[in-house]
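Have a look at the structure below, then the notes.
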Amino acid sequence: MTLLHLMEPSKRCAYFQIDDEEGKGRVTRSSHPRWDTMSGLKKNINETIAAARAEEGQARAALVRTGYGWLRSWCEVFTETELLQGVTQRHHPAVHMTQLGKIKSGALPAAIGPVVRIFEEACRYIDSHSQPLTVLNVAPTLAGPRCALGGAAGHPGYLPSCRRLGRVS
């Protein structure tokens, strides 16, 4: 268990952020470090879709690319927390061998296809991935993330082929 897990239920803990923006360590009080969770990412995705609906042109395209970035993160967090049950985690060197029995192996065959498809589509549009010239100027559309997110439901938990994956027992 990390200090972040212990901090969640307690209101007595304080978090301070240190940055080097001005050439020296600056300490500021903050609410919490960025911590990607399924619910937090779902909220970010929904807010980005809502904001994109209100925009047009380049502003809308930028928000859609941001939404694809959140989708990509959702795929990673879903895989590590829901399917692999924390056995492996991004940016952590250890494999938690004692947790192997918790992996939802029965859900893997149904999950791999949809999650990989969404992940690859998200990587196609996020700013941090360079694209070939032939597709570089093909702008992402809001229909793409909405479709990946389950249309009107508006979040990854309602992706038709993954709907039950987040709740696999």
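Put simply, when 36-43, 87-94 are sorted by average Cβ atoms within 10 angstrom per residue, most first, you get 36-43, 87-94. With the convex hull constructed from alpha-carbon coordinates only, segment 25-129 shows a mean projected area of 9.7 nm² over all directions.
By how many nm would the segment from Leu108 to Arg29 grow when fully extended, if each residue of separation counts as 0.36 nm and the alpha-carbon distance is taken off?
On the way: separation 79, 0.36 × 79 = 28.44 nm, distance 4.12 nm.
Fully extending the segment from Leu108 to Arg29 adds 24.3 nm.
For the peptides 46-58, 74-86, 12-24, 110-122, the ranking by mean Cβ contacts within 10 Å, running from highest to lowest, is 74-86, 110-122, 46-58, 12-24. Please list, in chain and number order, the residues 5+ apart from Tyr15 or on another chain whose amide H is under 5 Å from its amide H, with Hs placed from the backbone. When sequence neighbours closer than 5 places are left aside, the close amide H contacts are Ser30.
Values quoted throughout were computed directly from the atomic coordinates according to the rules given, and no laboratory measurement underlies them. None of the values given here were measured: they were computed from a predicted structure. Reconstructed Cβ throughout: ideal geometry from the backbone, glycine too, with neighbour counts over all protein chains shown.
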